[in-house]
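The values are calculated or read from the model by the stated rules, or taken from the named source; none is laboratory data. Since the model is a prediction, treat every value here as computed from it, not as a measurement. Using ideal geometry, Cβ is built from the backbone for each residue, glycine included, and neighbour counts are taken over all protein chains shown. Ligands, DNA and RNA are excluded from the accessible area calculation, which covers all protein heavy atoms including side chains. Shrake-Rupley method; radii C 1.70, N 1.55, O 1.52, S 1.80 Å.
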Amino acid sequence: MEPVCLVIGAGAGIGGNVARRFALEGYHAVLCRRSNEQGLNKMVQAIRGEGGKASGFILNAVEENSIEDRIAAIEADIGPIEVFVFNLGAQTGNLGLEATSSKAFELGWRLATFSLFRAASVLCPRMEKRGKGTFLVTSSTAAMRGNPGQHSHAAAMGAPDTLGKLLGPERFQDLREKRGLEHDGLLLPERVADTYYHLSQQHRSAWTHEIDLRPFSEKPWWNS
Ligand SMILES: NC(=O)c1ccc[n+]([C@@H]2O[C@H](COP(=O)([O-])OP(=O)(O)OC[C@H]3O[C@@H](n4cnc5c(N)ncnc54)[C@H](OP(=O)(O)O)[C@@H]3O)[C@@H](O)[C@H]2O)c1
């Protein structure tokens, strides 16, 4: 059995190049993409031509059990997936908000967010059992920065949630009392609102494209 680097969304861009890089470092690269079998085979052959090990599979990530079954088959036939790269292009077109249909928005979410959840649900427990594994997710500038026509893409790549929704009301309240308010360990929404206001007042000549707000004594809430 060989250590595997699985790339879901292995096109000619980031995905194919990441697969090649890992193959040249000694992993068996498994490249998966939705269409263009010829292009897929070409990438696999190119990696093999350089002395790397590679396999390619056509897979449509939004189809039920597609990722789940592929992960199980790879681990049975090739080896443990030590590196997982989630690199789906979740572009559904450059559409303004009014032109973005619910169907298109949902497709973006199914592609980039729900598929990622499905992959993580199957693979992370296996990695945990082995005590190692790397899980990489390609995001996009659209997830960080406002972009006209990118509503579905931005939401899918950002997979947004809020702490309250994530933890449930009791745990959130507990965390707020222990770490929030004067403890400086959590962002206070009302203070965040100050920044929103500031943004609304910025002059176009001095425009902020990215703001990273963090509490003064931040510690990650998920592991401390
Ligand atoms: N390239 C950049 O400079 C850059 C920079 C920052 C962020 N990003 C983001 O990174 C992501 C990937 O970029 P990339 O350059 O690697 O693009 P890419 O070369 O087009 O690769 C994306 C791959 O995703 C596959 N895919 C799409 N839907 C799929 C599905 N339902 N099932 C299986 N595979 C599917 C495509 O397969 P098919 O082609 O066979 O349909 C394609 O091979 C994009 O979301 C992009 O916004 C890119």
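Below is a table of values for the structure above.
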| quantity | calculated |
| --- | --- |
| At R0 = 35 Å, FRET efficiency that the Cβ-Cβ distance of Asp174 and Gln201 yields, to 0.05 | 0.45 |
| Relative contact order [Cα under 8 Å, 6+ residues apart], the range 4-158, whole percent | 23 percent |
| Probe 1.4 Å, protein heavy atoms only - accessible area per residue of the range 4-158 in square angstrom | 52 Å² |
| Integer Hz, Karplus 6.51/-1.76/1.60 couplings in order for the range 36-43, x for Gly and Pro | 6, 4, 5, x, 5, 4, 4, 5 |
| Sequence-distant residues sharing a close amide H with Ser55 (under 5 Å, placed H) | Ala29, Val30, Leu31 |
| Inter-part distance where the range 60-99 and the range 4-52 are each reduced to a Cα centre, Å | 14 Å |
| Cut-off 10 Å between beta-carbons: net charge of the residues surrounding Leu59, Lys and Arg +1, Asp and Glu -1 | +1 |
| Calculated FRET efficiency for the pair Phe135/Leu187, C-beta based, R₀ 45 Å, to 0.05 | 0.95 |
| Neighbour net charge for Glu25 - beta-carbon separation under 13 angstrom, K R +1, D E -1 | 0 |
